[in-house]
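Asks: One structure, pasted below without further comment.
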Amino acid sequence: PRRRLTPPPRAETVDKPIGTFSSSGALSSEIYAHLHLRGVLIRTNWASVEPIPGVFDFSSLEFQIASVKSHGLSWSLAVAGGGVGSPTWLVDPPSSGGLGVPYVSYSFRGQPGYRLPLFWNPIVQDRLRILPNALAAQYNQDPSLKLVYVTQMTANGIEGHLQGVDMADLVDAGYSDAVWVEACEDAARSFAYAFSDKAIAFEVHEVNSSAAVPAKVIYDLWNDPRLGHRVGAAVWWLSGKVSYQPGLIAQLMAYPGDIYGQVIGRSDQTTRFEKGDYTTVFTQAMALGMRSIEAWEYEFKYGPDGANGIWDSIFASYNARADATFGSR
């Protein structure tokens with residue numbers, strides 16, 4: 001089955017991404033030889049962008065942006081928060097020069113000692129308003145920027161999951177589904193209001209063992225008339241499998257808004273894909289009606305460190321389908 005796509009109630013004035021992007025590799029010259037590459041995701045950490053409260057440094061972005069633009073391509077932006085990407089001053093005590101935001105400790109990829117700032121804390125929400133405003137002052141008028149991901153207070157700071165976080169600890173700190181939904185929506189609105197001319201993506205995973213939490217977030221944001229159908233959903237776990245987060249896949253199949261994707265792994269990591277078949281990712285992306293999909297930079301490279309064009313026809317087919325569905329780039 002395919003998701004039924006309904007046209008927006010008015011002509012879209014926002015230039016949203018369409019087709020195949022690389023999920024990294026902005027400084028890798030090899031990817032730019034690929035004929036079907038439309039753009040590149042550029043990532044950095046909040047800590048790199050705002051090393052001191054209110055003092056911003058965009059150098060971690062500038063070289064990457066310049067590289068992409070020199071090849072005439074588009075770019076998308078993701079600034080990681082959470083315990084991985086947030087600046088230490090956010091949670092450090094005031095006696096050490098920090099803001100003293102409460103947090104829970106958690107493990108990330110098996111390593112303990114990470115500090116997850118509480119998403120719903122008013123100081124966190126205030127800083128998640130200041131951050132996108134500073135970024136937007138720099139990049140909102142750049143026509144080559146097509147998509148901005150919402151910074152989240154999650155395990156890796158971009159994706160919506162809480163893997164490694166003990167939910168009992170988070171509940172003790174004040175978590176409820178309603179509190180979490182409100183925090184997510186407030187952060188997304190801050191990004192949307194700052195980047196007033198851009199498409200915004202909120203990455204979704206099940207939260208608290210439920211698809212209902214992320215579903216409410218993306219539905220509320222899509223249906224908010226103040227946001228003009230600019231805030232869509234992102235899925236960074238495309239594998240072709242329907243056994244992973246099936247409840248959320250069902251919600252996404254019914255979702256009326258924009259969906260943006262990222263492949264779960266490299267094509268040579270065959271166990272990550274349905275029946276070991278990388279092409280099922282694109283079948284799933286088309287079924288979900290995804291506007292764009294970020295494949296790993298490996299797929300766009302030739303030579304011993306790349307896929308050597310084996311998926312070129314798949315990328316071409318996906319781009320053609322996206323162009324036909326959403327309008328050519």
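Asks: Please give the charge dipole size of the range 172-318, origin at the Cα centre, charges +1 on K and R Cβ atoms and -1 on D and E Cβ atoms. Round to the nearest 20 debye.
Replies: Using Cβ point charges on Lys, Arg, Asp and Glu, the range 172-318 gives about 280 debye.
Asks: Next question. For the range 19-326, what does the relative contact order come out to in percent, with C-alpha contacts under 8 Å and a separation of six or more?
Replies: It comes to 17 percent, rounded to a whole number.
Asks: Turning to a different aspect of this structure: What does the extension gain come out to for ASN208 and ASP92, with contour length at 0.36 nm per residue minus their alpha carbon separation?
Replies: 39.1 nm
Asks: If R0 is 41 Å, what FRET efficiency do you get for ARG2 and HIS71 from their C-beta distance, rounded to 0.05?
Replies: Result of the calculation: an efficiency of 0.80.
Asks: Related question: In debye, nearest 20, what is the charge dipole magnitude of the range 19-326 about its Cα centre with +1 on Lys and Arg Cβ and -1 on Asp and Glu Cβ, if you could check?
Replies: 420 debye
Asks: Cα axis of helix 312-326 to longest principal axis of the chain: angle in degrees, 0 to 90, nearest 10?
Replies: It works out to around 70 degrees.
Asks: Follow-up question, since we're still on this one. Can you tell me the FRET efficiency between GLN111 and PHE56 if r is taken as the Cβ-Cβ distance and R0 is 35 Å, rounded to the nearest 0.05?
Replies: According to the calculation, E is roughly 0.75.
Asks: By its C-alpha gyration tensor, with a ≥ b ≥ c as the square roots of the eigenvalues, how is the range 221-305 shaped: rounded for a/c under 1.5, else prolate for a/b larger than b/c, else oblate?
Replies: Note, shape of the range 221-305 comes out oblate.
Asks: Determine, for GLU294, GLU182, the number of other Cβ atoms within 10 Å of each Cβ, and report the residues in order from fewest to most.
Replies: Ranked by crowding around the Cβ, least crowded first: GLU182, GLU294.
Asks: Applying 1/(1 + (r/R0)^6) with R0 = 25 Å to the Cβ-Cβ distance of SER196 and SER144, what FRET efficiency is obtained, to the nearest 0.05?
Replies: 0.90
Asks: In the chain, with Lys and Arg counted as +1 and Asp and Glu as -1 at Cβ, which of these residues, PRO117, ALA183, GLY303, has the Cα nearest the positive end of the dipole, that is, farthest along it?
Replies: Farthest along the dipole direction, towards plus: GLY303.
Asks: Here is a follow-up. Keeping to pairs on different chains or 8 or more places apart, tell me how many lysine pairs in the chain have Cα atoms under 28 Å apart.
Replies: 18
Asks: Quick one: net charge of PRO122's neighbours, Cβ under 12 Å, K/R +1, D/E -1?
Replies: Surrounding charge for PRO122 is -1.
Asks: Among VAL124, VAL213, rank each residue by its count of other Cβ atoms within 10 Å, from fewest to most, as a rough exposure measure.
Replies: The order, fewest Cβ neighbours first, is VAL213, VAL124.
Asks: Normalise the Debye intensity by I(0) for the range 281-327, one equal point scatterer per Cα, no solvent, then take log10 at q = 0.16, 0.24, 0.25, 0.28 Å⁻¹ and round to two decimals.
Replies: Each listed q corresponds, in turn, to -0.46, -0.86, -0.91, -1.03.
Asks: Okay, next question. What is the gain in length, in nm to one decimal, between VAL179 and THR283 on full extension, counting 0.36 nm per residue of separation less the C-alpha to C-alpha distance?
Replies: Roughly 33.9 nm would be gained on extension.
Asks: Would you mind checking the tilt of helix 122-139 against the longest principal axis of the Cα atoms of the chain, expressed as 0 to 90 degrees and rounded to 10?
Replies: Taking Cα atoms only, the helix is inclined about 40 degrees.
We did not get these values from a lab; they are worked out from the coordinates using the rules stated. Computed from a predicted structure; not experimentally measured. Here Cβ is always computed from backbone atoms with ideal geometry, including for glycine, and neighbour counts include all displayed protein chains.
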